[in-house]
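The values are calculated or read from the model by the stated rules, or taken from the named source; none is laboratory data. Here the structure is a predicted model, which means the values were calculated and not measured. Ideal geometry is used to build each Cβ from the backbone, glycine not excepted, and the neighbour counts take in all protein chains shown.
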Amino acid sequence: MEADEPIVYQALNIKRHREVVEELLKKSKAYYAFETPEELEAKRKEAASRKVQYKYNRASAELSRETIDKYLSEGKPYAVRFSIPEGRTEFEDIVHGNTVFNNSEIEDFVLMRSDGSPVFQIAVVVDDHDMKISHVIRGDDHLSNTPKQILLYRAMGWEVPQFAHLPMLLDEQKKKLSKRRNPVAVEDYKSKGYLSEALFNFLTLLGFAPEDNREIVSKNDLIRMFTFERVNKKSAVFDMKKLDWINSEYIKSADENMIANLVKEKLEDMKLTNESVNLQYVKNVVSLMKERVSTINDFTEFGKYFFEEPSKFDDKGLVKHWNPQIKPVFADYF
């Protein structure tokens, strides 16, 4: 899938984020917070010692205007916090349905750090608003961020987008898929020999089931068939065996010239190409092996003997298994 507009980098939009923070201060929807990191850490430790959950006590929100002006004139460092209103925040999540958060359970979160850098919550809201994003579609680990962001939209008088929180992906140990433990970059799977169409097919079916329950579905059909009503709330397991099977099906049905070119690229990386190992030769190998492999790498791993002279021969094995009738078959292919 291709993006239909330029990529926006948050780091290049800091000036705009700060402008919105200033506007929230003017609207009295946010306030200066003068506590030092050391003071906040001491309060967290004190809460932990009492085995209670720490929540910012809004001390800076109670400061008088005179005190605030004094601290600012003295150059006292400050962060900016959002002032959570009373009541509750309710929204209709496209996947999870009606969702309600009590505002009393949400602390006055930081909008801008003492070094002037905006935090995630304000940056995503400003950028999404400016880009006219209508639907925010993301993992359900962000569900708890949603009430904070909705409150920011409302504080600015902006239209709130629709939210859809998809189930998280779990690894085969049923733990959250993590880039620290699992390969999660698309390039990782490309280097392992997975086809982009197969990976797209596999990922789309994690947490989503087409009406006809097909498992091999083209990209265009998946886009046409996709509907949030068929997205599961339960987290899906990233099953490598399933990915291998889907990839093998795509290899079987793919154009042999395309597969041969991918295999040849791998061989060139492995320095296993020469005058005899040309594209037609590789295509012949692909024709022989494509029904029995799961990835592009399997051609070079399990079929390496097609491309590399053996360092030694098993003379006894050759004599035992050689059949003169096989010779014409080899001649036809090679």
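Structural remarks
- Subset tally (residues that are closer than 23 Å to S253 by Cα, surrounded by 12 or more Cβ atoms within 10 Å (Cβ to Cβ) and out of contact with any helix residue (DSSP H, G or I) (no Cβ under 9 Å at 6 or more places or on another chain)) for the range 207-222: 1
- Scanning the range 126-149 for residues that are under 19 Å from E19 (Cα atoms) and touching a helix residue (DSSP H, G or I) at 6+ places or on another chain (Cβ under 9 Å) yields V126, D127, D128, H129, D130, K148, Q149.
- Counted residues, the range 70-109 - those being exposed (fewer than 11 other Cβ atoms within 10 Å of the Cβ) and over 28 Å from H142 (Cα atoms): 3
- Within the range 245-263, being surrounded by 14 or more Cβ atoms within 10 Å (Cβ to Cβ), hydrophobic (A, V, I, L, M, F, W, C) and more than 15 Å from Y305 (Cα to Cα) holds for W245, I246, I251, A254, I259, A260, L262.
- Exclusive hit being under 30 Å from D141 (Cα atoms) and surrounded by 13 or more Cβ atoms within 10 Å (Cβ to Cβ), set K283, K234, K266, K242: K242
- Considering the range 110-221, the qualifying strands (runs of 3 or more DSSP E), each wholly inside and each with 3 or more residues that are within 16 Å of the chain's Cα centre (by Cα), run over 135-139, 162-166.
- Pick from the range 229-256, criterion outside any helix (DSSP H, G or I) and free of Cβ contacts under 8 Å to residues at least 60 places away in the same chain, ranking: nearest to G193 (Cα to Cα): A254
- Test: residue in the range 89-100 that is part of a strand (DSSP E or B), under 20 Å from the mean Cα position of the chain (by Cα) and modelled with pLDDT under 95: no
- The single condition among (1) in the same structural domain as L111 (by TED's automatic domain parsing); (2) surrounded by 15 or more Cβ atoms within 10 Å (Cβ to Cβ) that G157 does not meet is (2).
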